[in-house]
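For reference, the structure discussed in these notes is given below.
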Amino acid sequence: MPSSGRHVTMLTEGTYPHIHGGVSTWCDQLVRGMPEVDFNVLALTGSGREPVTWELPPNVYRHTAFPLWGTVPARRPLLGKERRRFIDVYERFLLSMLDPESGCDFTQGLYALARLARAGRLSAAMRSEAALRSLMWIWTMPHLQIAAARPTVHDALTATDLLEHALRPLAARLPEDCVAHAVSSGLATLPALAAQHFDGVPFLLTEHGIYLRERYLGYRTGEQSWPVKSVILSFYRELNSMGYRQADLITPCNQYNRRWEERGGAPVDRIRTVYNGVDPNLFPHAGPDPAVPTLSWCGRVDPIKDLETLIRAYAMVRAELPEVRLRLFGPVPAGNADYRTRLEKLAAELGVSDGISYEGRISDVASAYAAGSVVMLSSISEGFPFSLIEAMSCGRATVSTDVGGVREAVGDAGLVVPPREPALMAEATLALLRDDTYRTELGARARSRVVDQFTLHRSVDGFRRIYLELAGSPEPVPRYAPVAEPRAEVPQALDDWTLELVDPWYRELASDGSVW
Amino acid sequence: MSGSLWLGKEGQDTLPFIPRQRPHAVAADPIDELADRMEELIAAAVHPDEVAAILESDGMTDAHIRTTYGRQDSFELAEDLYARVERRYPSVAGPAADPWHAALPACLLRGLVFALPGLAYVLGAPLLAGPPDRFGLPAGTVPLLAGAVTGWVWNQGLSHRAYAWLGLGDRPAAAAALRTGAPLGAVLSALVALAASGPGELSAAGFAAGQAVYLAAATVLLALGRERDLLVALLPMTAGAAATVALDLPDLLRTALLLLPLAAATAFARRALSGVPGGDGGAADDRPGPRLAASVPYALFGLGTGVLVLYAAVGDVFADGAGSAVAAPSAVALTLSMGPAEWLLYRFRSESLAGLRASTTAYGFRKATANTIAVCLGGYLVILFALTVLGTLLWPGAPELGALRLTGLLLTGMVLWTALLLQSFGAVRSAAAVCCTAGGVQVLALATGAGHPRTVGPVVAGVAAVVLAALVGALLGRATAHRV
């Protein structure tokens, strides 16, 4: 049954609708933004018993939590000819990951394993002693680097188990008339790859963070030994590349991510950037600056946000302008208490503790941006940060670090400095604090930039068209243009004027007069 | 940004720390200088892209890379760095975690609370006294055994279900299972005891009902890890039983000493259950939970081992009638030895895990495992032997400990330990099948009068031990059986 573009299976891993965070927010926006599309959410989770933390709108007609852990129903192990055939397939699959010279093809291997998984036979087969011995035989081949690491039986068992759990999603079936939309690379693409291969389901891949890079960082100091890490990361690398090669369309949330996608073998003509969007109505212009000059920051208190650089920069700013305050909005996630202590110690060493306040989680996020004369972002890694475009939507001038898609978001409507450079960050911040006109002008420019290019409406609309396009439906809008190549789109934005006028935030803008 | 199922292990500790540039170190080649600073990270990397990931996570942008290092982007720089540093294969940081570490005192405490309730029979003996029943057995034997076996089987299944929920991290569901299951089991075994009681055995049926309630409460306390509470509940009775050696206690006092632990254990169990927040019990929603049928083999395993232990204790009585002595020291030694047995099971698991980590071939692992099994089983049999000898010396009026009885007991011990070993590795079906068959054959021999328990016992236990040993060898020599 061909897809109509009005039926989408959204594939998530460890995010929506079970966990809060940037990707989940994005999923929620997308699903709510398209009430006319029926969504089937397939969420890869740990045990399958995680609670649903997002309220699912009525157009999510089904939600399935697919557990990667926990026991699988015992099935008869493969015997005789079946077993020999499996071992042959499995050894080729392993060789494709561990020995690039072997000429074995990962893609064909994965499809063969998917066939077994769909018959419910893969887990038992992979947990067999024979499969374990295959791995031990292959990775001790003297010409492979991994052999030099002297892998043990325990390593083989661990690696096999991790692979077995990771491959479980191959068994998940998708409706044949849907578009499969994986909202991250990696394991979430497994059901989509199988559905595309066996049932001809169109496969859309969206990346927010860079999945493979996060796996590299996650396993780097992990508890796994070198051989295990090598096997698992080879698996992720090959799977990632396969997803990039096979996806009918890849939609990163910024241009910066394309670097990894192209490196992984994604065809350039199948990558289309669709920026995250924000509802300018929910983040209206914040009005006049606070009475006391204040730097505001909003996010999770986490090392990846590099708050140390922010605090150092703040100390330098305060040396020049002693009345400036720094307000940090956002929760300290479980396990990050040490990091907060470290920050407090640093502030004390710099003698600026009295100027910094930790405001914790707040419900009205817009007020966090309103609290700042300048909104700061000091992260060392970002995709296309919501906190930045939200602050811009509030008409605040921003100083942010040049990571991920930040430069694309900010354009000429804010200041961008290199990461981990407190002195440069302080210099930029002082420039803004000392020049009220410049600051106000940047703020106004930021808001109009968001309204022009990064509205939720535009982002959701981009995906609506992509779904229809992938489903092969006739073009619903006569003049289709690439969705989020900002420069190329100015004429289209004007063409859409009459359409977009119906949106409530345009009324607000019209009366506000700050945009045109 | 995108979530990961291994998120719990990630976070701040995984962010690499690249030592900052030392101001005085001016290298001729900036890439060499960077390779030097990142040496450890690069040496342990599995692919150049891992180095690129580390560079980017440190905030290094392509613009910076082009101006400082003259490379096009992080990938090109990473490839260069990866090629300049020799690979090293660091072992996992810190001592290997041993998930099977078990504290010996905790295991001994469990053994103690398994064995102490047996003293209730000592304390209650005068209350049960009466003429031999219709089978020529001491009064009350049949209802007591029927109640005990029913309760034992039920509670083994129930414990498994509770542990299965706990294993899923769902304490409320475990508590809900216990809240429903424990009283149901108590009622069931009390009814079975009542149905099995003959004329004039009402007091035995009453005693069996108390035993049923105790077993239910103990199951709750043990599943929720409240062994200490259980021990406290049993103390008055233990003191009373000890006193009977020197004094003849009045019936009223004996009854009170029997009822007190019963009331205490029940109260503790209620408290333990009320401490767990109520939940939907896993039944009200469609999230997958353990299947009821999955607990059945565990119940059958309880049946098999229960019959084996009871046979070792009262087999002679059934064969020779009311005049013969109950082999109480055997039963006490077997139950007490369950504590060390449990500890040795944990030892075996942690030793075999060490074997997995030390071996690089399947053959090497098989050899190491065989060695460990021999040591642990040998250790268990020595402990059982010592307890039996000690018990026979201390117990007033214990039957003589002949070579045949001792062999039978040690073989039964071997059956129990190897069966527990198989059960702990998930092979509960085969363990239950062997134990139930062995127990069944023994009961059948008793019922038909084919052979005396003194000879039937050791022979049946011997055959079962050989079968179980073969199963252990076939199963546990495989590395895949040792998944953590």
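Can you name the residue in the stretch A:36-71 that is buried (at least 16 other Cβ atoms within 10 Å of the Cβ), touching a residue at least 40 places away in the same chain (Cβ under 8 Å) and not in a strand (DSSP E or B) and is also nearest to the other protein chains (Cβ to nearest Cβ) among such residues?
Ranking the qualifying residues of the stretch A:36-71, first place goes to A:Leu68.
Return a yes/no flag: does the stretch B:165-179 have any residue that is more than 30 Å from B:Ser424 (Cβ to Cβ) and either of a type in the set (D, E, K, R) or out of contact with any strand residue (DSSP E or B) (no Cβ under 6 Å at 6 or more places or on another chain) (or both).
So far as the stretch B:165-179 goes, no, none of its residues is more than 30 Å from B:Ser424 (Cβ to Cβ) and either of a type in the set (D, E, K, R) or out of contact with any strand residue (DSSP E or B) (no Cβ under 6 Å at 6 or more places or on another chain) (or both).
Pick out the one residue from B:Leu108, B:Leu128 that is open to solvent by 50 Å² or more (accessible area, probe 1.4 Å), out of contact with any Cys (no Cβ under 7 Å at 6 or more places or on another chain), under 30 Å from B:Ala313 (Cα atoms) and more than 14 Å from every other protein chain (Cβ to nearest Cβ).
After applying the criteria, what remains is B:Leu108.
Answer yes if at least one residue in the stretch A:360-382 is closer than 29 Å to A:Leu212 by Cα and surrounded by fewer than 23 Cβ atoms within 10 Å (Cβ to Cβ), and no otherwise.
Yes: the stretch A:360-382 contains one or more residues that are closer than 29 Å to A:Leu212 by Cα and surrounded by fewer than 23 Cβ atoms within 10 Å (Cβ to Cβ).
Are there any pairs with C-beta distances below 6 angstrom linking a residue in the stretch B:54-73 that is at the interface with chain A (Cβ under 8 Å from one of its Cβ atoms) and within 18 Å of B:Arg37 (Cβ to Cβ) to a residue that is among the polar types (S, T, N, Q) and in a loop (DSSP other than H, G, I, E, B), with the two at least 6 apart or on different chains, and if so which?
As it stands, the answer is B:Ser57/A:Ser381, since those pairs meet every condition given.
Answer yes if at least one residue in the stretch A:92-99 is surrounded by fewer than 15 Cβ atoms within 10 Å (Cβ to Cβ) and within 14 Å of another protein chain (Cβ to nearest Cβ), and no otherwise.
No - not one qualifying residue is present in the stretch A:92-99.
Taking the criterion of being within 14 Å of chain B (Cβ to nearest Cβ), more than 22 Å from the chain's Cα centre (by Cα) and not in a strand (DSSP E or B), would at least one residue in the stretch A:201-218 satisfy it?
No; the residues of the stretch A:201-218 include none that is within 14 Å of chain B (Cβ to nearest Cβ), more than 22 Å from the chain's Cα centre (by Cα) and not in a strand (DSSP E or B).
Restricting to the stretch A:13-35, count the residues that are out of contact with any strand residue (DSSP E or B) (no Cβ under 7 Å at 6 or more places or on another chain), within 9 Å of chain B (Cβ to nearest Cβ) and not in a loop (DSSP other than H, G, I, E, B).
Number of matching residues: 3.
Please enumerate the residues belonging to the stretch B:151-180 that are within 14 Å of chain A (Cβ to nearest Cβ), of a type in the set (A, V, I, L, M, F, W, C) and either closer than 26 Å to B:Leu194 by Cβ or surrounded by fewer than 22 Cβ atoms within 10 Å (Cβ to Cβ) (or both).
B:Ala164, B:Leu166, B:Leu168
Considering only the stretch A:274-304, state which residues are modelled with pLDDT of 90 or more, more than 25 Å from A:Leu432 (Cα to Cα) and either hydrophobic (A, V, I, L, M, F, W, C) or in the same structural domain as A:Gly372 (by TED's automatic domain parsing) (or both).
Listed by number, the residues that qualify are A:Val274, A:Leu282.
For the structure I just gave you, tell me whether B:Val463 is in a helix (DSSP H, G or I), under 30 Å from B:Phe135 (Cα atoms) and either within 14 Å of chain A (Cβ to nearest Cβ) or modelled with pLDDT under 95 (or both).
So B:Val463 fails the test.
For the stretch A:258-303, give me each residue that is over 18 Å from A:Phe203 (Cβ atoms), open to solvent by less than 40 Å² (accessible area, probe 1.4 Å) and among the aliphatic types (A, V, I, L, M).
A:Val278, A:Ala286, A:Leu295, A:Val301
Scan the stretch A:250-257 and give yes if some residue there is part of a loop (DSSP other than H, G, I, E, B), open to solvent by less than 40 Å² (accessible area, probe 1.4 Å) and farther than 22 Å from B:Asp62 by Cα, otherwise no.
no
From the residues in the stretch B:360-390 that are crowded, with 20+ Cβ neighbours inside 10 Å and not hydrophobic (A, V, I, L, M, F, W, C), which one is nearest to the other protein chains (Cβ to nearest Cβ)?
Across the stretch B:360-390, the extreme among qualifying residues is B:Thr369.
For A:Gly395, only one of the following conditions fails: (1) closer than 15 Å to A:Gly287 by Cα; (2) touching a strand residue (DSSP E or B) at 6+ places or on another chain (Cβ under 9 Å); (3) touching a residue at least 60 places away in the same chain (Cβ under 8 Å). What is its number?
Exception for A:Gly395: condition (2).
If only one of A:Val23, A:Val60, A:Val72, A:Val31 is in contact with a His (Cβ under 6 Å, 6 or more places away or on another chain) and not aromatic (Phe, Trp, Tyr), which one is it?
A:Val23
For the stretch B:65-93, give me each residue that is within 17 Å of B:Leu41 (Cβ to Cβ) and over 57 Å from the mean Cα position of the chain (by Cα).
Selection gives B:Ile65, B:Tyr69.
Run A:Asp306 past the list (1) of a type in the set (Asp, Glu); (2) in contact with a helix residue (DSSP H, G or I) (Cβ under 8 Å, 6 or more places away or on another chain); (3) within 13 Å of chain B (Cβ to nearest Cβ) and report the number of the one that doesn't hold.
Failed condition: (2).
Kindly evaluate B:Val187 against the criterion of being open to solvent by less than 20 Å² (accessible area, probe 1.4 Å) and among the β-branched types (Val, Ile, Thr).
no
Quick one: which of A:Ser230, A:Ser185, A:Ser225 is closer than 19 Å to A:Ala114 by Cβ and either at the interface with another protein chain (Cβ under 7 Å from one of its Cβ atoms) or among the polar types (S, T, N, Q) (or both)?
It is A:Ser185.
Yes or no: B:Asp80 more than 8 Å from every other protein chain (Cβ to nearest Cβ) and either at pLDDT below 75 or open to solvent by 50 Å² or more (accessible area, probe 1.4 Å) (or both)?
Criteria not met by B:Asp80.
Within 30 Å of B:Arg37 (Cα to Cα), within 14 Å of another protein chain (Cβ to nearest Cβ), of a type in the set (Val, Ile, Thr) and open to solvent by less than 50 Å² (accessible area, probe 1.4 Å): does that describe B:Val92?
Spelling it out, it is not the case that B:Val92 is within 30 Å of B:Arg37 (Cα to Cα), within 14 Å of another protein chain (Cβ to nearest Cβ), of a type in the set (Val, Ile, Thr) and open to solvent by less than 50 Å² (accessible area, probe 1.4 Å).
Can you tell me which of (1) touching a Ser or Thr at 6+ places or on another chain (Cβ under 9 Å); (2) buried (at least 23 other Cβ atoms within 10 Å of the Cβ) is the one B:Leu421 doesn't meet?
So the condition that B:Leu421 fails would be (1).
Could you please find all residues in the stretch A:157-182 being in a helix (DSSP H, G or I), within 14 Å of chain B (Cβ to nearest Cβ) and touching a residue at least 60 places away in the same chain (Cβ under 8 Å)?
Once the filter is applied, which keeps residues that are in a helix (DSSP H, G or I), within 14 Å of chain B (Cβ to nearest Cβ) and touching a residue at least 60 places away in the same chain (Cβ under 8 Å), the stretch A:157-182 yields A:Thr158, A:Ala159, A:Leu162, A:Leu163, A:His165, A:Ala166, A:Arg168, A:Pro169.
Answer yes if at least one residue in the stretch B:93-104 is assigned to a helix (DSSP H, G or I) and within 30 Å of B:Pro236 (Cα to Cα), and no otherwise.
yes
I'd like to check something: does the stretch A:125-137 contain any residue that is more than 10 Å from chain B (Cβ to nearest Cβ), within 28 Å of B:Thr361 (Cα to Cα), charged (D, E, K, R) and in a helix (DSSP H, G or I)?
Scanning the stretch A:125-137 turns up no residue that is more than 10 Å from chain B (Cβ to nearest Cβ), within 28 Å of B:Thr361 (Cα to Cα), charged (D, E, K, R) and in a helix (DSSP H, G or I).
The values are calculated or read from the model by the stated rules, or taken from the named source; none is laboratory data. Because the structure is a prediction, the values reported are computed rather than measured. For neighbour counting, all protein chains shown are included, and Cβ atoms are generated from backbone atoms with ideal geometry for every residue, glycine included. Accessible surface areas use protein heavy atoms only, side chains included; no ligands, DNA or RNA. Shrake-Rupley method; radii C 1.70, N 1.55, O 1.52, S 1.80 Å.
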